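K.L.:
My structure is below; once you've seen it, I'll send some questions.
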Amino acid sequence: MRNFRTAALAGVATAVLALTACGGDGDTSTDEAAQPSADASASFEAGTTMADINQAGTITIGTKFDQPGFGEANLSGDPEGFDVDVAEYIAAKLGVEPDSITWTEAPSAQREDLIANGDVDMVVATYTINDKRKERVTFAGPYYEAGQQIMVNADNTTITGPDDLKANPDVTICSVTGSTPAENIRQYLAAPGQLVEFDVYDNCVDAMKNGQVQAMTTDNVILTGYVAQNEGEFKLVGEQFTEEPYGIGIEKGDTAFCEFINETLQEMSEDGSYEEAWTATAGQFEGTEVPTLPETAPCS
């Protein structure tokens with residue numbers, strides 16, 4: 001049986017901007033996707049994770065609190081974004097109401113530990129599926145595919161893509177400890193010291209604003225959100241140079257739960273909720289397009 005945590009929401013940023021559409025009139029927007037109602041008819045085989053969660057009527061979910069459009073804490077401390085809406089849809093299919101979800105901040109470097117230690121039931125947090133992470137967790141999905149890109153100050157003409165970093169050893173670029181983008185960018189550096197790492201992406205944005213670093217790298221959809229929130233300050237350069245399939249991390253070896261999540265993602269796509277969630281969150285940013293749910297991978 002799984003242990004259910006009821007710890008209070010932790011690590012909330014004290015001041016977080018609401019989602020803002022780039023190129024608009026400055027009005028703020030929030031996640032307006034309808035919260036799904038719990039499926040009162042949900043029934044599962046005894047002993048499964050699904051049955052345990054359904055019986056408890058609660059679920060603990062790890063997500064990001066600092067990523068515009070995907071998982072970002074609002075001024076009330078509640079996370080909003082595409083990841084949050086996907087997670088709420090899955091919870092509803094388990095018979096859990098939105099107000100019975102406990103949200104836990106899941107920084108990149110802590111995601112595997114949160115799952116392995118039983119602190120969360122699943123992690124939905126721009127979580128790229130890769131072989132190293134599969135050694136410790138099982139992934140459902142993917143439910144979205146992003147690509148890594150670079151963000152610089154709006155007046156920067158030196159960096160036009162990752163290949164320019166090696167030719168400009170004085171340029172420093174920021175990413176997050178334990179993230180796939182931080183590892184991917186290393187091959188493009190003149191020296192390891194060009195990479196500055198923080199625990200959350202908001203700190204990278206602050207470092208760009210005060211001139212500590214000249215660039216930032218993570219997935220394109222996340223950077224698009226930062227460009228939109230800081231109109232006129234930043235821009236994206238170059239093309240995406242990786243493929244980042246986002247998965248939902250769960251306890252290693254729980255294939256039944258993985259298969260349930262994959263089936264639920266398919267239902268979300270078929271009933272229009274997937275598109276609705278995107279349009280209300282990350283889809284508000286200029287330049288984004290409604291994605292198609294990727295083909296889910298076999299559970300193992």
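K.L.:
Inside the range 55-77, can you point out the residues that are farther than 26 Å from W278 by Cα and either at pLDDT below 95 or under 25 Å from the mean Cα position of the chain (by Cα) (or both)?
P.N.:
First, the residues of the range 55-77 that are farther than 26 Å from W278 by Cα: 55-57.
Answer for the range 55-77, where residues must be farther than 26 Å from W278 by Cα and either at pLDDT below 95 or under 25 Å from the mean Cα position of the chain (by Cα) (or both): just G57.
K.L.:
State all residues of the range 267-292 that are aliphatic (A, V, I, L, M) and surrounded by fewer than 18 Cβ atoms within 10 Å (Cβ to Cβ); if no residue qualifies, say none.
P.N.:
Selection gives V290 alone.
K.L.:
Quick one: D254 ticks every box in (1) of a type outside the set (G, A, S); (2) outside the structural domain of Y127 (by TED's automatic domain parsing); (3) modelled with pLDDT of 95 or more except a single one, so which number is it?
P.N.:
Checking D254 against (1) of a type outside the set (G, A, S); (2) outside the structural domain of Y127 (by TED's automatic domain parsing); (3) modelled with pLDDT of 95 or more, the one that fails is (2).
K.L.:
How do the strands (runs of 3 or more DSSP E) wholly within the range 181-239 filter down when requiring 2 or more residues that are within 23 Å of A109 (Cβ to Cβ): which remain?
P.N.:
Output list reads 195-198, 215-219.
Results for (1) over 18 Å from the mean Cα position of the chain (by Cα); (2) of a type in the set (A, V, I, L, M, F, W, C); (3) buried (at least 24 other Cβ atoms within 10 Å of the Cβ); (4) modelled with pLDDT of 95 or more, shown as yes or no for each residue.
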| residue | (1), (2), (3), (4) |
| --- | --- |
| V124 | no, yes, yes, yes |
| R133 | no, no, no, yes |
| A140 | no, yes, yes, yes |
| E145 | no, no, no, yes |
| N153 | yes, no, no, yes |
| T158 | yes, no, no, yes |
| I173 | yes, yes, yes, yes |
| T177 | no, no, no, yes |
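K.L.:
Looking only at the range 166-180, count every residue that is part of a helix (DSSP H, G or I) and touching a residue at least 40 places away in the same chain (Cβ under 8 Å) and tell me the total.
P.N.:
So the first thing to find is which residues in the range 166-180 are part of a helix (DSSP H, G or I), and the list is 166-167, 180.
Still in the running and touching a residue at least 40 places away in the same chain (Cβ under 8 Å): 180.
Total meeting the criteria: 1.
K.L.:
From (1) touching a helix residue (DSSP H, G or I) at 6+ places or on another chain (Cβ under 7 Å); (2) surrounded by 18 or more Cβ atoms within 10 Å (Cβ to Cβ); (3) closer than 20 Å to G69 by Cα, pick out the condition that doesn't hold for Y246.
P.N.:
Answer for Y246: the failing condition is (1).
K.L.:
Mind listing whichever residues of the range 193-218 are over 21 Å from T157 (Cα atoms) and charged (D, E, K, R)? Explain how you work it out, then say what you get.
P.N.:
Narrowing the range 193-218 to residues over 21 Å from T157 (Cα atoms): 193, 197-203.
Across the range 193-218, the qualifying residues are E197, D199, D202.
K.L.:
Let me ask something else. Would you be able to tell me the number of residues in the range 39-87 that are more than 30 Å from T288 (Cα to Cα) and outside any strand (DSSP E or B)?
P.N.:
Residues meeting the conditions: 20.
Every residue, every condition in (1) within 23 Å of Y144 (Cβ to Cβ); (2) touching a residue at least 60 places away in the same chain (Cβ under 8 Å), yes or no:
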| residue | (1), (2) |
| --- | --- |
| T48 | no, yes |
| A56 | no, no |
| T63 | yes, yes |
| G71 | yes, no |
| G77 | no, yes |
| Y89 | yes, yes |
| I101 | yes, no |
| R111 | yes, yes |
| D119 | no, yes |
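K.L.:
Residue by residue through the range 111-155, note down the ones that are touching a helix residue (DSSP H, G or I) at 6+ places or on another chain (Cβ under 7 Å) and in a loop (DSSP other than H, G, I, E, B).
P.N.:
V120, D121, N130, R136, G147
The values are calculated or read from the model by the stated rules, or taken from the named source; none is laboratory data. This is a predicted model, so every value here is computed, not measured. Note that we place each Cβ from the backbone using ideal geometry, even for glycine, and neighbour counts take in every protein chain shown.
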